[in-house]
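Visitor: Just dropping this structure here.
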Amino acid sequence: MTATVAIALRVNGELVEANVLPRLNLADFLREHLKLTGTHVGCEHGVCGACTIRINGDIIRSCLMLAVQAHNAAIETIEGVSDSGEIADLQSAFRERNALQCGFCTPGMLMAAQDLLKQSPCPDREQIREHLSGNYCRCTGYQAIVDAIESTARTRTGRWP
């Protein structure tokens, strides 16, 4: 049997200390140990984007990172950015534009969209599509998602055509 490893990290602003198996991936740690089930596990290969979170300010695929690699890191999940109100306008735009559909990809899409809007406050539709190219959605065809992000960007910057 493999020995556990002690880790300490800040998740959504709260200090978390745990003993984990060295091979436990971060997505499973968040979901199973911390009950932060907004981080979805889709492909487990880093392709679909459903497990997207922020670690030390950068978005990553949590299915590709081990929990022990997150030792001393600051992690933000969809629950954290949602509860803080950081993405309230983006969530509202997703609802208004019917960009939610089944909802499986939504947390990862919202994390990626917020990352884009932080980097580029008023992206064009091509930039939005490019930034979301690592996130799969099987329901919406992306049009409504792009519309929602574009609408949020315009509202935040006060720019309308």
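Okay, residues lined up against (1) within 24 Å of Arg10 (Cβ to Cβ); (2) of a type in the set (Phe, Trp, Tyr); (3) touching a residue at least 40 places away in the same chain (Cβ under 8 Å); (4) outside the structural domain of Thr152 (by TED's automatic domain parsing):
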position	(1), (2), (3), (4)
Ala70	yes, no, yes, yes
Ala93	no, no, yes, no
Asn98	no, no, yes, no
Cys102	no, no, no, no
Asp115	yes, no, yes, no
Lys118	yes, no, no, no
Pro121	no, no, no, no
Glu126	no, no, no, no
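Visitor: Turning to a different aspect of this structure: For Ile78, are the conditions met, namely being touching a His at 6+ places or on another chain (Cβ under 6 Å), hydrophobic (A, V, I, L, M, F, W, C) and at pLDDT 95 or above? Don't jump to the end; show me each part of the working.
Guide: Values: touching a His at 6+ places or on another chain (Cβ under 6 Å): no; hydrophobic (A, V, I, L, M, F, W, C): yes; at pLDDT 95 or above: yes.
No.
Visitor: Residue by residue through the stretch 1-43, note down the ones that are polar (S, T, N, Q), open to solvent by 20 Å² or more (accessible area, probe 1.4 Å) and either more than 10 Å from Cys63 (Cα to Cα) or assigned to a loop (DSSP other than H, G, I, E, B) (or both).
Guide: Those that are polar (S, T, N, Q), open to solvent by 20 Å² or more (accessible area, probe 1.4 Å) and either more than 10 Å from Cys63 (Cα to Cα) or assigned to a loop (DSSP other than H, G, I, E, B) (or both): Thr2, Thr4, Asn12, Asn19, Thr37.
Visitor: Any residue at all in the stretch 120-132 that is loosely packed, with under 13 Cβ neighbours inside 10 Å and under 18 Å from Arg61 (Cα atoms)?
Guide: Yes, the stretch 120-132 contains at least one residue that is loosely packed, with under 13 Cβ neighbours inside 10 Å and under 18 Å from Arg61 (Cα atoms).
Visitor: Considering every residue within the stretch 105-115, establish whether at least one is modelled with pLDDT of 95 or more and surrounded by fewer than 16 Cβ atoms within 10 Å (Cβ to Cβ).
Guide: No: the stretch 105-115 contains no residue that is modelled with pLDDT of 95 or more and surrounded by fewer than 16 Cβ atoms within 10 Å (Cβ to Cβ).
Visitor: Scan the stretch 44-73 residue by residue and report those that are open to solvent by 40 Å² or more (accessible area, probe 1.4 Å) and modelled with pLDDT under 95.
Guide: Glu44, His45, Val47
The values are calculated or read from the model by the stated rules, or taken from the named source; none is laboratory data. In this text, all values refer to a predicted model and were calculated from it rather than measured experimentally. For neighbour counting, all protein chains shown are included, and Cβ atoms are generated from backbone atoms with ideal geometry for every residue, glycine included. In case anyone asks, the SASA skips ligands and DNA or RNA and just uses the protein heavy atoms, side chains included. Shrake-Rupley method; radii C 1.70, N 1.55, O 1.52, S 1.80 Å.
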